[in-house]
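The values are calculated or read from the model by the stated rules, or taken from the named source; none is laboratory data. Here the structure is a predicted model, which is why all the values come from computation and not from measurement. Please note: Cβ atoms are built from the backbone with ideal geometry, for glycine as well, and neighbour counts cover all protein chains shown. Each accessible area value is taken on the protein alone, full model and side chains, heavy atoms only, with ligands, DNA and RNA left out. Shrake-Rupley method; radii C 1.70, N 1.55, O 1.52, S 1.80 Å.
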Amino acid sequence: MSQKEASQEKKCAHRTELYTEVPPTCLPIVYSPEYNITFMGLEKLHPFDAGKWGKVIHFLKEEQFVTDGNIVQAREATEEDLLVVHTKRYLNKLKWSLVVATITEIPPLLFLPNFLVQRKVLRPLRTQTGGTIMAGKLAIDRGWAINVGGGFHHCSSDKGGGFCAYADITLAIKFLFERVEGVSKATIIDLDAHQGNGHERDFLEDRRVYIMDVYNRYIYPGDGYAKRAIKRKVELDWGTEDQEYLQKVELHSEGALNETRPDIIIYNAGTDILDGDPLGGLAISPQGIVKRDEVVFRAARRRGIPILMVTSGGYQKKTARIIADSILNLHRQGLVGDVATDEVGPSLVPLMMSKSASAVETLSAH
């Protein structure tokens, strides 16, 4: 994309509630109780723990790291927000319960009226999607951000699947490209156990986005076409354990960031790599997951590159505790800070905040 086209893209941006200013007293951790899917027990028909996001926050509150007052409340992405990436045709398809039942892999949904499916299943996913977009801007402003949900990496602009109905990673990147001055390159580090074929299809022809993907080569989705978008592909065997896994993550994270310096890293931190996960097929320990997240954050912070983390897949009851333990470890290691005093690198935060503020000023003129 030329500079002229990029600046034209910024001028055409629609009005959105997702880039409103966040008080400096808030941590750049995004969450809403709306994330959690509870619907007559139907959510239990999918192996995904559809309440894990609330449990993560519960554990972080217990440890007195967060309170209701210092986390950022996620807002639901509107149709206009979603149309930045999704086709109208795809969004219309979601008005059919059968389509949503197929995407979420919860067959009984097809028997329910769509207004219930929208309210009880799709609204939580749209709120998580809004959370990822919000966290993108926060990462630029503060140097880091975590959306406690999101990471719907199997969804592309015109096709959902694997419990992923909205392409939140693609949306977060496109919003930044459209709205924040100086953000023109992104790196996706996708460490969920499954290949991230959604964002790969979306960025197949886009040289501004560098994708590193580490996944079990034998499981869903096995999307050969999407693999062509991966710049650094690490295919794992069944039962891969901590030592080999962590060596590969460190080697390739460092390699990817040495190969090209992005303006932001989107880190898809799936916990379905955990030993015993019914879908992931890998054998990583809880300590291995905590260490993995530390490796990625350390690589980003050492270079002064803003990082946005989303939590993606993870299909065991103990997953929420591990995510919380990992966030607490990042804090102990000084890789995520307390409030807006975080240092990303020498004088980088004021620079990034001015970029973001100027983008907001430009938009408010429209």
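From the list Ile103, Ile37, pick out the single residue that is closer than 29 Å to Ala324 by Cα, in contact (Cβ under 8 Å) with a residue 60 or more places away in the chain and in a loop (DSSP other than H, G, I, E, B).
Ile37
Restricting to the stretch 180-201, what's the tally of residues that are out of contact with any Pro (no Cβ under 8 Å at 6 or more places or on another chain) and surrounded by 24 or more Cβ atoms within 10 Å (Cβ to Cβ)? Quick ask: steps written out before the conclusion?
Narrowing the stretch 180-201 to residues out of contact with any Pro (no Cβ under 8 Å at 6 or more places or on another chain): 180-184, 188-193, 196, 198-201.
Subset that is surrounded by 24 or more Cβ atoms within 10 Å (Cβ to Cβ): 180, 183, 188-193, 196, 198-200.
Selection size over the stretch 180-201: 12.
Considering only the stretch 205-243, state which residues are out of contact with any Gly (no Cβ under 8 Å at 6 or more places or on another chain) and in a strand (DSSP E or B).
Val209, Tyr210, Met212, Val214, Lys233, Val234, Glu235, Leu236
Among the numbered criteria (1) out of contact with any Asp or Glu (no Cβ under 9 Å at 6 or more places or on another chain); (2) closer than 22 Å to His331 by Cα, which one does Ile289 miss?
Tallying (1) out of contact with any Asp or Glu (no Cβ under 9 Å at 6 or more places or on another chain); (2) closer than 22 Å to His331 by Cα, Ile289 fails exactly one: (1).
Return the pair list, or none, for Cβ contacts closer than 8 Å from residues in the stretch 293-306 that are over 18 Å from Ser326 (Cα atoms) and open to solvent by 10 Å² or more (accessible area, probe 1.4 Å) to residues that are of a type outside the set (S, T, N, Q) and outside any helix (DSSP H, G or I), at least 6 apart or on different chains.
These pairs meet every condition: Arg303/Arg261; Arg303/Gly345.
Taking the options Leu176, Leu246, Leu251, name whichever one is aliphatic (A, V, I, L, M), assigned to a helix (DSSP H, G or I), modelled with pLDDT of 95 or more and open to solvent by less than 10 Å² (accessible area, probe 1.4 Å).
Exactly one of Leu176, Leu246, Leu251 is aliphatic (A, V, I, L, M), assigned to a helix (DSSP H, G or I), modelled with pLDDT of 95 or more and open to solvent by less than 10 Å² (accessible area, probe 1.4 Å), namely Leu176.
Please enumerate the residues belonging to the stretch 3-56 that are modelled with pLDDT of 70 or more, over 20 Å from the mean Cα position of the chain (by Cα) and of a type in the set (S, T, N, Q).
Across the stretch 3-56, the qualifying residues are Thr25, Thr38.
Just one of (1) in contact (Cβ under 8 Å) with a residue 40 or more places away in the chain; (2) over 20 Å from Phe163 (Cβ atoms) trips up Asp237, so point out which.
(1)
In this structure, does Thr260 turn out to be farther than 26 Å from Lys318 by Cα, polar (S, T, N, Q), open to solvent by 10 Å² or more (accessible area, probe 1.4 Å) and modelled with pLDDT of 95 or more? Full working, then the answer.
On the way: farther than 26 Å from Lys318 by Cα: yes; polar (S, T, N, Q): yes; open to solvent by 10 Å² or more (accessible area, probe 1.4 Å): yes; modelled with pLDDT of 95 or more: yes.
It is true that Thr260 is farther than 26 Å from Lys318 by Cα, polar (S, T, N, Q), open to solvent by 10 Å² or more (accessible area, probe 1.4 Å) and modelled with pLDDT of 95 or more.
Any residue that is among the acidic types (Asp, Glu) and surrounded by 22 or more Cβ atoms within 10 Å (Cβ to Cβ) - is there at least one of those in the stretch 101-118? Before the answer, list the steps.
From the stretch 101-118, those among the acidic types (Asp, Glu) are 105; that's our starting set.
Adding the requirement that they be surrounded by 22 or more Cβ atoms within 10 Å (Cβ to Cβ) leaves none.
No: zero hits.
On the given criteria, is Ala135 within 9 Å of the chain's Cα centre (by Cα), at pLDDT 95 or above and of a type in the set (A, V, I, L, M)?
yes
Got a sec? Which of Leu122, Leu110 is more than 28 Å from Pro24 (Cβ to Cβ), in a helix (DSSP H, G or I) and modelled with pLDDT of 95 or more?
Among Leu122, Leu110, only Leu122 is more than 28 Å from Pro24 (Cβ to Cβ), in a helix (DSSP H, G or I) and modelled with pLDDT of 95 or more.
Give me the residue from the stretch 59-82 that is free of Cβ contacts under 8 Å to residues at least 60 places away in the same chain and surrounded by 14 or more Cβ atoms within 10 Å (Cβ to Cβ) and, out of that set, nearest to Tyr31 (Cα to Cα).
From the stretch 59-82, those free of Cβ contacts under 8 Å to residues at least 60 places away in the same chain are 61-62, 64, 66-69, 71, 73, 75-76, 79; that's our starting set.
Pick out the ones that are also surrounded by 14 or more Cβ atoms within 10 Å (Cβ to Cβ) and you get 61, 66, 71, 73, 75-76.
Details: Lys61: 13, Val66: 11, Ile71: 7, Gln73: 5, Arg75: 9, Glu76: 11 Å.
Checking each candidate, the answer is Gln73.
Is the stretch 282-289 home to any residue that is in a loop (DSSP other than H, G, I, E, B), touching a strand residue (DSSP E or B) at 6+ places or on another chain (Cβ under 9 Å), of a type in the set (A, V, I, L, M, F, W, C) and crowded, with 21+ Cβ neighbours inside 10 Å?
Yes.
Against the condition under 15 Å from the mean Cα position of the chain (by Cα) and within 25 Å of Phe177 (Cβ to Cβ), how does His86 come out, does it pass?
Numbers: under 15 Å from the mean Cα position of the chain (by Cα): no; within 25 Å of Phe177 (Cβ to Cβ): yes.
No: the conditions fail for His86.
Looking at the stretch 254-281, which of its residues are more than 16 Å from Tyr210 (Cβ to Cβ) and not in a loop (DSSP other than H, G, I, E, B)?
Matches in the stretch 254-281: Leu274 only.
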